[in-house]
Structures are given as structure tokens and as C-alpha cells.
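Take a look at the structure set out below.
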Amino acid sequence: MSSGLEVLTAIGEQKPRNSRGILKAGLDLLGSFNLRRGLGDEIWEVRERVFLAALDEFDLDTAEKMLKEIEKKFPDSVRMNKLKGLLFEVQGNYKDARTLYGKLEKENEHDQGAVKRKVAILKALGHTDKALKELTSYLEVFQSDQEAWQELALLNVDLGNYAAATFCYEELILHAPTNPFFHLICGESMYTQGGARNMLDARKYISQSLVMRPAEKGNLRALFGLAVTTNTIQKNASSVALAIADDEDPEEVESMNRKLNKWACDKLLEISNNGKMCHDLSKMVKEVAGDLQVEKN
């Protein structure tokens, strides 16, 4: 790999993605005859990266210029056509983009990228129900695509289908059981569904998320979630008691809920007092923790 491409790669690996930096470095690289000559065949990778960065920055002139060069070198290639489809999307030319992706899918029914772009277009046009149907059909074939399951869950949330969203999150947990975020969002979806049994299951998933990644390690959202869920369970103790399974002891379930609530609220207060939060956020956390605590100190 050339030194110029190494610089471009280093910029591209920054989080969040530094599209402006990639665009500037890439154009500088392509604008220098000596550097450009040293790239060899890697020049096409540089042009593609510059093209994608230009789309991010809505620099359509540069994007069109890069695509024109790529198309000259690789006419009618699948990769080039996918780039062309992205340009159509950014231009708002969804009709041509859908036609192009449809053509690619027809040529290769296993082209995952083309189907996903069709779903993205349907979503952009506000056709959430059609996007959901398209993505559901896609997942019947590509069942291990985690990104697609996440997107399907979000589409169901947009339509208010929280039970279906929960199913998607449970599928994600099957594919990646050690991912704390999947456990968290599954618990949140169950909480949103409502109902005593869902609340108890939500508590289980959110607690597991905290076991995998403690609040101090970037999982404060789960800690809030546990405090809220246990508080809600306690406020609806009578209906929760009716939803408890036959092999569960109602008194033990309530006792555990109180302990979890106290632990979560105490932990929120501990974190708010560690001096790492700004004053306003620390004050808000203390107030929320106080409101959610079932048993006041």
C-alpha cells in the first residue's frame, strides 16, 4: 500500500468518520502527479473513497467527476453501478436508483446490497410498510444479517409494532448473545409494549445488559432503564403478581425487584456524585434517581 493511501486509510478509520478529511486528503493525493503516479492500481480505491466522502459532504461535482473516471475504467461493473445508484439517491433521483438496483437484483438475486438500497429508498420516500415487506422477504433468505434485523426492528417501531420489534431484537440476541446493546434494546422494546409479563422480561434483559457492560463502562442508559422498569413493576405490583409464572414465588419476585430498584437508584446517585458529570446533568440524575427509588432512605 502506498504512503498516500495509508494516510487516507488512517483518516478513514477515525471515529466518527471524517469525510471532510478524506475528501481533502484524497483530492490532494489525486492532484499531485508524482503521488498519483505512485498509486498504481490503488488509484481506483482512492477515487472510490473520495467519491463516497464527496457524497457525505454533498459535493456532487466532485462525486460526479470521480464516478465518471471509475465508469471509464469499469463500465457496467456491479460495483460501479452501485456507486451510481448512491449518487442517484443523494441527487434525489429515486426512480433511476430503484430501476438500477432492480436490474442488479435481477442479474443476481443474492445481491444483498441492492436489496438493502431498495429498502433505504422506500424508507426515504415514507413507504415504511413497503420497506418492511421488502426487508422481511430479504431476511427469509439472509437470516443471519444482523444489520437487516436491526433495520427491520426500527421499521416495526416506526409503525408501532413493538411485539414484532421485540422478535427482531430476540433474533439479534440469538446471533450475538454477548452483545449488551442487543439485550438492552430488547428490554426497552418489551417495556414499551407494556403488560406485567413484558415488564418482568424487560427487567431480565436490561439486567443482563448491565452484567455484560456496567454503567461505568458506558452503559448508563441501561442503569436508567433498570431503575425505571423496577419502579414501574412496583407501582403495578398487583397485576405483576397475576403474571408471575407458577414456579415463581410472588414474594421473592417483589423482594428482588425492590433490591434491584435500590441498587440501580443508589448506583445512579453514586455516579452523579463522582464529579465526572457536568453540574446540570448531575443534578438531573439525582432528581430522577430520587423519584424512581421505591423505598426512600
Whole-Å semi-axes of the range 42-164's equivalent ellipsoid (Cα gyration tensor): 29, 16, 13
Mean Cβ neighbour count within 10 Å, used as a protection proxy, ranking 54-62, 36-44 highest first: 54-62, 36-44
Size of electric dipole in the range 118-204: Cβ of Lys, Arg +1 and of Asp, Glu -1, about Cα centre, debye, nearest 20: 200
Convex hull (Cα only) mean projected area of the chain, reported in nm² to one decimal: 20.2
Spacing of the two label points (7 Å from each Cα toward its C-beta) at residue 128 and residue 192, in nm: 0.9
Hull shadow area, averaged, the range 161-271 [alpha-carbon convex hull, nm²]: 6.8
Cleavage-rule hits (GluC sites (Glu not before Pro)) in the range 68-132: DSSP loop, at most 12 neighbouring Cβ within 10 angstrom: 109
Inter-label distance, nm, simple model (7 Å from Cα along the C-beta direction), residue 79/residue 91: 2.2
Helix 94-107 axis, angle to the chain major axis (alpha carbon atoms, nearest 10°): 90
Overall Cα dimensions of the range 230-281, principal axis frame, Å, largest first: 46, 16, 11
Solvent-accessible heavy-atom area per residue, rounded to whole Å², over the chain at 1.4 Å: 56
Ratio Rg/Rh, restricted to the range 94-140 and using Cα atoms, in which Rh is the Kirkwood radius: 0.95
Among 50, 175, 292 the positive-end extreme of the charge dipole of the chain (Cβ point charges): 50
Angle between the chain longest axis and helix 19-31 axis [Cα atoms, degrees, rounded to 10]: 20
Helix axis angle, 3-12 relative to the chain longest principal axis, alpha carbon, degrees: 30
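The values are calculated or read from the model by the stated rules, or taken from the named source; none is laboratory data. Just so it is clear, the model here is predicted, and its values are computed rather than measured. In this analysis, Cβ positions are derived from the backbone assuming ideal geometry, glycine residues included, and neighbour counts consider all displayed protein chains. Areas reflect the complete protein model, heavy atoms only, side chains present, ligands, DNA and RNA absent. Shrake-Rupley method; radii C 1.70, N 1.55, O 1.52, S 1.80 Å.
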